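The values are calculated or read from the model by the stated rules, or taken from the named source; none is laboratory data. As the structure is a computational prediction, the values presented were derived from the model and not from experiment. All Cβ positions, even for glycine, are placed from backbone atoms using ideal geometry, and neighbour counts span all protein chains on display. SASA here: full protein model, heavy atoms, side chains in, ligands and nucleic acids out. Shrake-Rupley method; radii C 1.70, N 1.55, O 1.52, S 1.80 Å.
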Amino acid sequence: MRRLVFSSAGESHGRGLVAVLSGLPAGLEVDREAVGEELRRRQRGYGRGGRMAIEADEADFLAGVRHGRTLGSPIAILIWNRDFANWQADMAAFAEPGQEPKRPAVRKPRPGHADLAGALKYGHHDLRNVLERASARETAARVAVGAVCKQFLAAFGVAVRSQVLAIEDVQAKPADLSSDEDWARVEASCLRCGDAEAEASMRAAIDAAREDGDTLGGIGEVVALGMPPGLGSYVSWDERLDAVIAAALMSVPSVKAVEIGDGLSLARVRGSAAHDEIAPDARRTWKLGRSSNRAGGLEGGVTNGEPVVARVAFKPIPTLQQPLQSVDLDTGAPEIAHAERSDVCVVPAGCVVAEAMMALVLADAMLCKFGGDCMEDTLAAYQAYLARLEGMVGDGA
Ligand SMILES: Cc1cc2nc3c(=O)[nH]c(=O)nc-3n(C[C@H](O)[C@H](O)[C@H](O)COP(=O)(O)O)c2cc1C
């Protein structure tokens, strides 16, 4: 990432989360309601835990936006943690005189979470010092920033959408995310799944896991529609956009695999069945299209004008109400792991976070290619590029 810089600060039960995004051009109209709606999309989903009933995330714009438009300066967004009221004694930056933590130190690391590795690395005695930041609460900051990036991309006709393809071993018939009808069905589903029959089985699987004090993972798909060709580059390893997208999606907590296009299954077929044949397409400015999109819109690390498609595999989350075996770090003796109020399945919410990461990476790639300090300049460069593409391919006469 070279043009956009995003960072966040905040602990899960601290006062709040702060997100800072630098590098967006001036003059982008920001829809605050749409940012709030993205935050609510992240909070929804069958299988979420009690925390989501407490938090009703709102994005408070502190800087970088004036009268609804970006200034070109860093944008700062604050998301307050409502739950902080219940955690003040434990999480305050500075303890009030006489104020004692209500909760004992966490000393039994959860397998699969950052508890143990983080404590060893940073020298923390109380594992809470690790888990408060390793918690996916931080992804609310990503979604707020991703929402602004989505609004930037929309100015170029790009939309980022996602769906759940599988929970545990229940597989859904994929919806066509380029169809507004299918998309409306996915958005209306409590599991971001357009296949009603599969959704019912997924709900049953989640209920059964909850009953057993267990958790479930699954697979999600993120798609960027309306992509121009030419974002990213093959010239250097770190400019290959497939690699940048993979890293961004892999950074989503609990994601353990990322597939671009037909990814894994391409390894099992011949080249003649793996690639997307090129054909004239009068609907495109660059007059070319594909009969399939197995490459997921990326060849040589460069967008080819087809939708960018990535799939992500989420592991089952680590906090189990029937915890796995661990060790009490005080005694060194075997003990069951710490359990904390938790979700059962986060795949639908994880998809919303994956959309945000995709939007951030694509907005950056767009700005790397088209530059501009204000939207007018960026859009003018984009239009000039499309005009050049128009002249690159003959008319098929
Ligand atoms: C939206 C979302 C919510 C999550 N909620 C929980 C949770 O409630 N409990 C939990 O143990 N893990 C949860 N996770 C997963 C952990 O944050 C993640 O497994 C942990 O940080 C370790 O990172 P890793 O799985 O990528 O190795 C959630 C992940 C996402 C994307």
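Observations on the structure shown:
- Separation of segment 94-124 from segment 257-280 is 46 Å, based on Cα centroids.
- Nonlocal amide H pairs with V308, under 5 Å, H built at 1.01 Å: A224, M227
- Span per principal axis, largest first, for the Cα atoms of the chain (Å): 81, 49, 38
- Protection proxy ranking, peptides 227-233, 140-146, average beta carbon neighbours within 10 Å, highest first: 140-146, 227-233
- Label zone at A381 (point 7 Å along Cα-to-Cβ), backbone N below 14 Å, segment 130-168: none
- Rolling a 1.4 Å probe over the protein heavy atoms of the chain, with every protein chain left in place, gives an accessible area that is 52 percent carbon and sulfur.
- A simple rule links phi to the HN-Hα coupling: the Karplus curve 6.51 cos²θ - 1.76 cosθ + 1.60 with θ = phi - 60°, which for segment 314-323 gives 9, 6, x, 5, x, 7, 10, 6, 10, x Hz, with x for Gly and Pro.
- Mean Cβ count within 10 Å, highest first, over the residues of peptides 81-90, 103-112: 103-112, 81-90
- Take every pair of alpha-carbon atoms less than 8 Å apart whose residues are at least six positions apart; their mean separation over the length of segment 250-369 yields a relative contact order of 22 percent.
- Surface per residue (accessible, 1.4 Å probe) for the chain, Å²: 47 Å²
- Choice from G157, G296, G271 with maximal GNM fluctuation in the chain (Cα, 10 Å cutoff): G271
- One chain, two ends: W237 and A9. Fully extended at 0.36 nm per residue, the span grows by 79.1 nm beyond their Cα-Cα distance.
- Backbone HN-Hα couplings from phi across segment 57-74 [Karplus 6.51/-1.76/1.60, Hz, Gly and Pro as x]: 5, 10, 8, 9, 7, 8, 7, x, 10, 10, 6, x, 10, 5, 9, x, 8, x
- Cross-link table K121/K150; K108/K315; K287/K369, entries beyond 24 Å C-alpha to C-alpha: K121/K150
- Cα radius of gyration and Dmax for segment 278-397 (Å): 23.9, 81
- Between D180 and D126, the contour length at 0.36 nm per residue exceeds the Cα-Cα span by 14.6 nm.
- Distant-in-sequence amide contacts of L62, defined by a placed amide H-H separation under 5 Å and a gap of 5 or more residues or a different chain, comprise A76, I77, L78.
- The phi-based Karplus calculation (6.51 cos²θ - 1.76 cosθ + 1.60; θ = phi - 60°) puts the 3J(HN,Hα) values of segment 167-180 at 10, 6, 9, 8, 9, 9, 6, x, 7, 8, 6, 7, 8, 5 Hz, whole numbers, x for Gly and Pro.
- Added length on full extension, which subtracts the Cα-Cα distance from 0.36 nm per residue, R69 to A200: 42.9 nm
- When the P(r) is computed for segment 54-112, the part past 15 Å accounts for 68% of the Cα-Cα pairs.
- Across all Cα atoms of segment 122-163, the radius of gyration (one decimal) and Dmax (whole number) stand at 16.3, 50 Å.
- Amide proton proximity set for I336, modelled H, under 5 Å, gap of 5+: S326
- CD proxy at 222 nm, helix term only [per DSSP H run n ≥ 4: -39500 (n - 2.57); per residue of the chain; nearest 500]: -10000 deg cm²/dmol
- Electrostatic tally near D31: other residues with Cβ closer than 12 Å to its Cβ, Lys and Arg +1, Asp and Glu -1, net -1.
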